Amino acid sequence: MMLRRGFIIFLPRLAGLLVVACCSVSIVYMLACTPKGDSQQLALPRAHSPTAKEGYEAILQEREEQHRNYIVSLKKQIAQLKAELQGRSEKLKNVQDKSPGPLDTRLDHGSPEKAQANLLAFLRAQIDRAEVHSGVKLSTEYAAVPFESFTLQKVYQLETGLTRHPEEKPVRKDKRDELVEVIELAVGSLNDPEGDGNAKHRVYAASDFVEGIYRTEKDKGTLYELTFKGDTKHQFKRIVLFRPFGPVMKVKNENVDMADTLINVIVPLAKRASKFRQFMQNFREMGIQQDGRIHLTVVYFGKEQMSEVKSILENTSKSTNFKNFTFVQLNEEFSRGKGLDIGARVWKGNNVVLFFCDVDIYFTAEFLNSCRLNTQPGKKVFYPVLFSQYNPNIIYSHHDSIPPLEQQLVIKKETGFWRDFGFGMTCQYRSDFINIGGFDLDIKGWGGEDVHLYRKYLHSNLLVVRTPVRGLFHLWHEKRCPAQLSPEQYRMCLQSKAMNEASHGQLGMLLFRQDFEAHLRRHKLGSKKT
């Protein structure tokens with residue numbers, strides 16, 4: 001009994017000792033296994049302590065100091081990378097200056113300097129193979145690679161298909177980034193002129209960009225020609241860049257002064273006095289008032305309506321004090337080629353830019369500058385692709401009235417198309433036209449003479465610039481195809497007539513108009529029944 005009583009008395013004490021032992025072990029375990037805090041991390045002060053505000057400010061200051069040190073470190077790394085890049089650029093430039101030419105394009109991986117020289121030689125060879133410095137002889141007009149033109153906002157393209165538009169903002173990111181990169185490179189080149197580094201130079205920006213053209217030859221690369229505003233109204237800066245399926249390379253940086261560059265607009269004409277009056281309104285505003293460096297040559301066939309045409313010329317001359325015009329009259333059957341050829345040869349002044357034009361053409365002052373910028377004697381001729389207007393009676397059939405002409409001249413899919421099958425409107429220096437042999441005077445009547453001249457230029461060493469332009473329009477007029485035309489001329493005339501009327505969708509609506517009207521009637525009857 002006594003042992004049992006002693007055991008009962010000892011049991012609570014034993015339990016207490018076990019509890020104390022367990023607590024001790026727990027405390028030791030916590031002290032040994034709890035991870036140590038970061039010596040640099042500061043404990044947050046209690047929210048209601050008297051030093052809470054000062055503590056938070058101290059933490060923020062320390063964090064700010066850490067970020068500042070990190071930024072300084074990044075700046076040092078960036079400076080080191082820039083210095084290394086500058087060193088490599090200078091090394092490449094030295095190699096470029098020492099490179100003798102495209103003699104061997106094979107890369108020698110054992111010698112980095114030789115590999116760079118060979119790579120540069122290959123890129124230069126691509127430039128020489130492309131039509132950059134001079135033209136390449138081509139067999140037919142279909143072999144010519146056309147340019148596309150662009151501004152800061154728009155791209156004017158020929159290959160539109162049924163979904164793309166003749167004028168659009170570059171939607172594809174790669175195309176948009178490509179043109180932005182090229183403009184930025186051109187601006188950088190203008191702001192980093194070669195020569196005296198201490199001289200003060202004008203600072204160019206993207207807003208000084210006027211227009212550009214570009215084209216890609218799939219086996220060579222992409223050529224870009226960009227025009228910027230110069231120091232005066234009639235001065236420009238031209239930057240030529242080439243991307244030989246590699247880094248963009250600067251080809252040329254030159255000043256272009258067009259202040260004294262005269263354009264002789266040559267218009268062959270027979271009858272059509274009312275159209276000539278409309279043409280002279282455009283010529284007065286754009287050619288005389290806005291441009292001012294222009295001459296007009298009218299080659300008139302026959303005598304019918306001649307007095308009215310001469311009266312329009314004389315009234316324009318008196319009202320604007322414009323004396324720079326020539327009137328040539330021929331008593332023979334109309335021949336566009338002969339009229340243009342005679343108009344070019346009758347000029348007796350210095351070498352001049354010839355713009356072969358028709359009476360149903362509308363041009364802007366911007367186009368006249370493009371005409372000057374894309375021609376160069378002995379080197380370059382300009383074949384703009386004009387925008388041909390559809391029949392306004394079809395385009396605006398759902399309007400109350402047809403808007404004024406200036407409001408109709410909008411480059412949209414619904415209003416017209418790029419006349420890429422026409423080669424009649426062209427700019428070239430008179431010397432190039434004479435040296436190439438002029439027009440084939442055996443061609444009579446409508447069509448054919450322009451393609452023949454175009455082929456002559458393609459067969460020469462002159463660079464032919466073929467690109468859509470936003471300032472040259474063919475005004476719609478009803479086209480008649482005379483029965484006396486040759487079968488080939490008659491076919492070309494009918495093709496032109498068919499494409500002149502309306503867009504693919506608009507012609508479809510005309511074709512299926514009865515179906516659409518029948519559907520509207522059924523829809524109205526169904527609405528009444530319900």
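The values are calculated or read from the model by the stated rules, or taken from the named source; none is laboratory data. The shown structure was predicted, so the numbers you read here are calculated from the model rather than taken from an experiment. Here the Cβ is made from the backbone with ideal geometry for all residues, glycine too, and neighbour counts use every protein chain on show. All accessible areas refer to the heavy atoms of the entire protein, side chains included, with ligands and DNA or RNA removed. Shrake-Rupley method; radii C 1.70, N 1.55, O 1.52, S 1.80 Å.
Listed residues ALA199, ALA259; which is open to solvent by 30 Å² or more (accessible area, probe 1.4 Å), modelled with pLDDT of 90 or more, not acidic (Asp, Glu) and not in a strand (DSSP E or B)? Only one candidate qualifies: ALA259.
In segment 116-150, the residue that is nearest to LEU453 (Cα to Cα) out of those that are modelled with pLDDT of 80 or more, in a loop (DSSP other than H, G, I, E, B) and touching a Lys or Arg at 6+ places or on another chain (Cβ under 8 Å) is ALA144.
Hey, does segment 222-243 have a residue that's part of a loop (DSSP other than H, G, I, E, B), closer than 26 Å to LEU158 by Cα and not assigned by the TED database to the domain that holds THR467? So far as segment 222-243 goes, no, none of its residues is part of a loop (DSSP other than H, G, I, E, B), closer than 26 Å to LEU158 by Cα and not assigned by the TED database to the domain that holds THR467.
Give me the residue from segment 320-343 that is in contact (Cβ under 8 Å) with a residue 24 or more places away in the chain and over 16 Å from PHE301 (Cα atoms) and, out of that set, surrounded by the fewest Cβ atoms within 10 Å (Cβ to Cβ). Among them, the one singled out is THR320. The condition (being modelled with pLDDT under 95 and either β-branched (Val, Ile, Thr) or touching a Ser or Thr at 6+ places or on another chain (Cβ under 8 Å) (or both)) is satisfied by just one residue among LYS323, LYS303, LYS348, LYS338: LYS323.
Quick one: would you say PRO377 is in contact (Cβ under 8 Å) with a residue 24 or more places away in the chain and more than 18 Å from MET499 (Cα to Cα)? Yes, satisfied.
Annotation note: of SER317, SER307, the sole residue that is open to solvent by less than 20 Å² (accessible area, probe 1.4 Å) and farther than 26 Å from ASP450 by Cβ is SER317. Among residues of segment 201-223 that are at positive phi, those with a beta-carbon under 8 Å from a residue that is part of a loop (DSSP other than H, G, I, E, B) and buried (at least 17 other Cβ atoms within 10 Å of the Cβ) at least six positions away or on a different chain give the pairs GLY221/ALA130; GLY221/PRO244. Against the list (1) over 24 Å from the mean Cα position of the chain (by Cα); (2) open to solvent by 40 Å² or more (accessible area, probe 1.4 Å), the condition GLY438 fails is (2). Selection of first residues in segment 135-159 that are closer than 22 Å to PHE367 by Cβ and of second residues that are open to solvent by 40 Å² or more (accessible area, probe 1.4 Å) and in a loop (DSSP other than H, G, I, E, B), restricted to Cβ pairs under 6 Å at least 6 apart or on distinct chains, gives the following pairs, ordered by first then second residue: LEU158/PRO146; LEU158/ASP420. Of all residues in segment 465-497, which are β-branched (Val, Ile, Thr) and open to solvent by less than 10 Å² (accessible area, probe 1.4 Å)? Result: VAL465, THR467. Between SER431, SER388, SER401, the distinction of being hydroxyl-bearing (Ser, Thr, Tyr) and part of a helix (DSSP H, G or I) belongs to SER431 only.
When the criteria are applied in full, VAL346 meets the requirement of being open to solvent by 50 Å² or more (accessible area, probe 1.4 Å) and of a type in the set (A, V, I, L, M).
With the structure loaded, tell me whether PHE279 is touching a residue at least 40 places away in the same chain (Cβ under 8 Å), hydrophobic (A, V, I, L, M, F, W, C) and either part of a loop (DSSP other than H, G, I, E, B) or open to solvent by less than 20 Å² (accessible area, probe 1.4 Å) (or both) or whether it fails that test. Judged against the criteria, PHE279 is a match.
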